[in-house]
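Participant: Starting off with a structure, shown below.
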């Protein structure tokens, strides 16, 4: 069975600095999708970034980028120039080709002014 | 805002009762997935509906059931409520074409409390 692990329950970053959130997953599949979602206290789950496993190039969305290491089954999220609005729970998620999505336990990110 | 709406926002029920939660998918989306998120945890996949049929299910008992309507909106029904059913219930819609599903977009959730 697929699993998703986020080993950092809590992280903090100084405003304008860079922070990296870790995620590892376990699967025997070769094709799948990986996502990072952000959930602020308002609880709306917001897509941050998406990565297709068949793509070697790391996805980037403005200040957000990933380091996808398929062989190591690692999918970390880097947030550059952190802003106060980045404070939230961040969930790493794995989706197989049958659309089953497995979420990690989340990392709570605090941004210090 | 994703265009996915859920109702009601909050709900309080007692153990043994039945509850129906509703989700309207984003315009153009034909697939709806439901998740249960217990406090302090990541969401857990309940099931997905595509073309009005269940299209995948997580480790949830049969008392969790659903429907999808021709307009792609969906309902989640939970019978014989238990205290552990207290959680945030999220729905997510997406577009599936030629067997490939695009990204899921989530609604704001329904907070269910079972007393």
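Participant: Kirkwood hydrodynamic radius for the protein assembly as shown: how many Å is it when counted over pairs of different Cα atoms? Don't skip to the end; give the middle numbers.
Facilitator: Working: mean 1/r = 0.0553 Å⁻¹.
Value: 18.1 Å, from the Cα pair sum.
Participant: While we're here: Between A:33, A:98, A:25, find the one with the highest GNM mean-square fluctuation for chain A; connect C-alpha pairs within less than 10 Å.
Facilitator: A:98
Participant: Right, something else. Which of B:5, B:110, A:60 has the fewest other C-beta atoms within 10 Å, and how do the rest follow up to the most?
Facilitator: Values: B:5 16, B:110 21, A:60 11.
With the fewest neighbours first, B:5, B:110, A:60 line up as A:60, B:5, B:110.
Participant: Can you put B:81, B:76 in order of Cβ neighbours within 10 angstrom, beginning with the fewest?
Facilitator: Lowest count first: B:81, B:76.
Participant: Follow-up. Rounded to whole Å and sorted largest first, what semi-axes of the equivalent ellipsoid does the C-alpha gyration tensor of the stretch B:1-95 yield via the square root of 5 times each eigenvalue? Spell out each step's value before the answer.
Facilitator: Numbers: eigenvalues 90, 39, 32 Å².
Ellipsoid half-lengths, sorted descending, are 21, 14, 13 Å.
Participant: Would you mind giving the average projected area, over all directions, of the Cα convex hull of chain A in nm² with one decimal? Walk me through the numbers before you get to the answer.
Facilitator: Details: hull surface 26.6 nm².
Over all viewing directions, chain A projects a mean Cα-hull area of 6.7 nm².
Participant: Right, next: When B:22, A:95, B:51 are ordered from fewest to most other Cβ atoms inside 10 Å of their Cβ, what list results?
Facilitator: B:51, B:22, A:95
Participant: Just tell me how shielded B:102-114 is by partners: mean number of partner chain Cβ atoms within 10 Å of each residue's Cβ, no decimals. Can you show the working numbers first?
Facilitator: Numbers: counts 2, 5, 10, 3, 7, 2, 4, 5, 0, 1, 0, 0, 0.
Average neighbour count from other chains, rounded to a whole number: 3.
Participant: To continue, here is another question. On a C-alpha basis, how far is the centre of the stretch B:94-110 from the centre of the stretch A:75-113 in Å? Whole number, if you could?
Facilitator: 18
Participant: What percent does the relative contact order of the stretch A:1-93 come to when contacts are Cα pairs within less than 8 Å and at least six residues apart?
Facilitator: On the way: 179 pairs, mean separation 32.4, N = 93.
In percent, rounded to a whole number, it is 35.
Participant: Where the centre of each part is set by its Cα atoms, how far does the stretch A:2-28 sit from the stretch B:52-93, in angstrom?
Facilitator: 29
Bear in mind these aren't lab numbers, they're just calculated from the coordinates by the rules spelled out. Keep in mind the model is a prediction, meaning the values are calculated, not measured. Cβ sites come from the backbone with ideal geometry, for glycine too, and all protein chains shown count toward neighbours.
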